[in-house]
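The values are calculated or read from the model by the stated rules, or taken from the named source; none is laboratory data. Since this is a predicted model, take the numbers as computed values, not measurements. FYI the Cβ positions are ideal-geometry reconstructions off the backbone, even for glycines, and counts take in every protein chain you see. Quick note on the areas: whole protein, heavy atoms, side chains included, nothing else; ligands and nucleic acids left out. Shrake-Rupley method; radii C 1.70, N 1.55, O 1.52, S 1.80 Å.
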Amino acid sequence: MTDVPATHPRYASLRTRDAIVAGVEKGVTSIHGLVAHGRGEAFDYLLGERSHDFALDATDAAAAMLVAAERPVVSVNGNAAALVPGELVALAAAVAAPLEVNIFHASKERERTIREHMEAHGAPDVLMPTRHAVLDHIDSNRRFVNPDGIQAADVVFVPLEDGDRCRALVRSGKRVITVDLNPMSRTARTATVTIVDNVIRALPLLLERVGARRDDTGAARALLDRYDNERVLRAAEAAVRTGR
């Protein structure tokens, strides 16, 4: 990775770029993921590269939804695997959820590489998509899921998600939690809970919130009853447009 001093004003951004590039070189991340990351980085710049109150509200709701879920699943794509592998493993363990690989630019080799990468970061098991379980309402490769994972899930955590699959998941009756720096994207507007934040900040915060709520599912359900994702998106869009 690039030797970037911690005092550099773009330190976090440059280190994150290096992690994505390393993911491509390792075969975890598709080269197309570089474009997706750059688009998100532009939105993060407009947001001041910080976690706003609306992101924290959504993070609280996401933690509550995961804690209250009966069959949560953590979905992993190439960019997420490159950027926050350890945090994804920790989150899955905290809410007793399986990890499941699901990628758009798919190959069996890259799916296996992501699984091995997650296992190297402590995942005891990683589910893989199969031809035996198909998600309705979508035609891309991402329709193939695992029957013991996403197909059976009631809540799916899908950071850095594809809009088509997010819509398909919701239409299939699943609640979806996503992390998306663009509050105007299809994913952001379709998900049940949208955390408009950088995934490298959002995952540690989500882990903290899950730990705080894990023993009180009643309070978690009460919080979800009050949560308004449309309000969060309006606040996030206003922050993007005004730079505040």
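Structural remarks
- Which of Ala220, Ala239, Leu181, positive extreme of dipole for the range 180-244 (C-beta unit charges): Ala239
- Kirkwood radius for the chain, taken over all pairs of different Cα atoms as the inverse mean of 1/r, rounds to 17.9 Å.
- Per principal axis, descending, Cα span of the range 20-70 in whole Å: 37, 32, 13
- If both residues of a DSSP beta bridge must be in the chain, then about 5% of such bridges are antiparallel.
- The distance from the alpha carbon centre of the range 1-25 to that of the range 139-190 is 28 Å, rounded to a whole number.
- Protein heavy-atom surface of the chain, 1.4 angstrom probe: 49% of the accessible area is carbon and sulfur, with nucleic acids and ligands not counted.
- A 1.4 Å probe run over the protein chains yields, for the range 1-69, 51 Å² of accessible area per residue, whole-number rounding.
- Range of Cα positions in the range 1-142 per principal axis (Å), largest first: 49, 35, 31
- Taking 0.36 nm per residue of separation and subtracting the current Cα-Cα distance, fully stretching the chain between Ser107 and Val4 would add 33.8 nm.
- Taking Cα centre as origin and charging only the Cβ of basic (Lys, Arg, +1) and acidic (Asp, Glu, -1) residues, the dipole magnitude of the range 1-80 rounds to 240 debye.
- Within the chain: Cβ-based charge dipole about Cα centre, in debye rounded to nearest 20 (Lys, Arg +1; Asp, Glu -1): 460
- Expressed in units of 2.2 N^0.38 Å, where N is the residue count, the Cα radius of gyration of the range 153-244 is 1.10.
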